[in-house]
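Q: Mind looking over this structure? Questions follow.
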Amino acid sequence: MRLGYACMNTTLGTKSRTCRLANATPERVAELARENLADARRMAQWNAEHGIGLLRLTSGMVPFGGLPVSGDWREALAEDFAATGDVFRETGMRVSTHPGQYVVLNSPKAHVVEAAIKDLEYHADFLEAMGVNGDMVIHLGGAYGEKEAALDRFVETALALPEKVRRRLVLENDDVTWNAVEVLEAARRTRLPMVFDPFHDSILASGSLTPHQALARALATWPEDRIPKIHYSDQAPGKVEGTHADLVDAEAFHAFRSLARGLRDFDVMVEAKHKELAVLPLLAALQEARAEA
DNA sequence: GGAAGTCAAGTCTCG
DNA sequence: CGAGACTTGACTTCC
């Protein structure tokens, strides 16, 4: 079991640099992307030194990378991306992306779906440029008051996506619309693997499946030669339900691990506001448990 | 230099 | 009907 965090490292003070669309030029975008890539390499090195094996990459790696205004960054930054991919390989880092809320593959609006596909291709392109098979984790989208049709649309669109996107795409249960049972159904029909998020599951229950059953089935969606992954987070006290906490409770995490005993090995992406600071205590407990075993 | 306002995009819920 | 939640606050303007 490897652990990781999303996009930025508070200890290193890394950032995701961007600019306003109005100010974007190919030169400016390339400059920002180079700095973002340098931060990604710093995080990978830091992670390796601290026993962290997962890193989610910011979708803002290339600002407006899915739009023409970003220019031909695939060519201009080929070497920078390749060098960054080398660092990921050297450090054994499993990288991923989580394309944002605007990627809605099942929208009834054609232009929304088109933009979503463009954005997924952008993510796939930069992973390709790094020479890595990073996961691209997405949600199913909206319900539009007609869930069955919305799911049908998702499946149809997902099946037709370019191969470079499909081989990286992973589906996740969310906390407002698509529960674990529904995402398992989508995973089966699209032949894509699923990331199980127990925090979302605790808010939007799967109904017919216990968390343990949902976890087991989600792990089973991954082919033998790929290590499954889950997301893990806690509720922020006093905030709107679904808001990620600064850290995660180590004891609850330990209990969750017990729940997973006997299942196949998987990695854990920790989603917490304090990023790597939430991972380190879990890692310490994990190493302790391993030493005892 | 710091505070406030703004930023590509979609969808949903809450107050 | 606006704000806030989600990938991740960061950039720009104004004082």
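The values are calculated or read from the model by the stated rules, or taken from the named source; none is laboratory data. These numbers were taken from a predicted model, which means no experiment stands behind them. Heads up, the Cβs are rebuilt from the backbone with ideal geometry, glycines too, and the neighbour counts pull from every protein chain shown.
Residue-by-condition table, conditions (1) outside any helix (DSSP H, G or I); (2) within 16 Å of DNA strand B (Cβ to nearest atom); (3) crowded, with 22+ Cβ neighbours inside 10 Å:
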| site | (1), (2), (3) |
| --- | --- |
| A:155 | no, no, no |
| A:161 | yes, no, no |
| A:164 | no, no, no |
| A:175 | yes, yes, no |
| A:178 | yes, yes, yes |
| A:185 | no, no, no |
| A:188 | no, no, no |
| A:195 | yes, no, yes |
| A:200 | no, yes, yes |
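Q: Assuming residue A:191 fulfils every condition listed in (1) at pLDDT 95 or above; (2) more than 19 Å from the chain's Cα centre (by Cα) apart from one, which condition is it?
A: (2) is the only condition that residue A:191 fails.
Q: Report, by residue number, each residue of region A:19-30 that is within 11 Å of DNA strand C (Cβ to nearest atom), surrounded by 14 or more Cβ atoms within 10 Å (Cβ to Cβ) and not hydrophobic (A, V, I, L, M, F, W, C).
A: A:28
Q: Of the residues A:82, A:76, only one is closer than 19 Å to residue A:30 by Cβ and either surrounded by 21 or more Cβ atoms within 10 Å (Cβ to Cβ) or out of contact with any Pro (no Cβ under 8 Å at 6 or more places or on another chain) (or both); which?
A: Being closer than 19 Å to residue A:30 by Cβ and either surrounded by 21 or more Cβ atoms within 10 Å (Cβ to Cβ) or out of contact with any Pro (no Cβ under 8 Å at 6 or more places or on another chain) (or both) holds for just one of A:82, A:76, which is A:82.
Q: Which residue out of A:16, A:59 is surrounded by 15 or more Cβ atoms within 10 Å (Cβ to Cβ), among the hydroxyl-bearing types (Ser, Thr, Tyr), within 14 Å of DNA strand B (Cβ to nearest atom) and in contact (Cβ under 8 Å) with a residue 60 or more places away in the chain?
A: The unique qualifying residue is A:59.
Q: Which residue pairs have Cβ atoms under 9 Å apart, sit 6 or more places apart or on different chains, and have a first residue in region A:215-241 that is free of Cβ contacts under 8 Å to residues at least 40 places away in the same chain and within 16 Å of DNA strand B (Cβ to nearest atom) and a second that is aliphatic (A, V, I, L, M) and not in a helix (DSSP H, G or I)?
A: A:235/A:245; A:236/A:245; A:237/A:245; A:239/A:245
Q: Being touching a residue at least 24 places away in the same chain (Cβ under 8 Å), touching a Ser or Thr at 6+ places or on another chain (Cβ under 6 Å), away from DNA strand B (no atom under 13 Å from the Cβ) and among the charged types (D, E, K, R) is true for just one of A:41, A:34, A:94, A:2. Which residue is that?
A: After applying the criteria, what remains is A:41.
Q: Against the condition near DNA strand B (Cβ under 10 Å from one of its atoms), part of a loop (DSSP other than H, G, I, E, B) and of a type in the set (Phe, Trp, Tyr), how does residue A:122 come out, does it pass?
A: Considered against the rule, which asks whether it is near DNA strand B (Cβ under 10 Å from one of its atoms), part of a loop (DSSP other than H, G, I, E, B) and of a type in the set (Phe, Trp, Tyr), residue A:122 comes out as no.
Q: Go through region A:130-153 and report how many residues are farther than 29 Å from residue A:76 by Cβ and not in a loop (DSSP other than H, G, I, E, B).
A: Of the residues in region A:130-153, 7 are farther than 29 Å from residue A:76 by Cβ and not in a loop (DSSP other than H, G, I, E, B).
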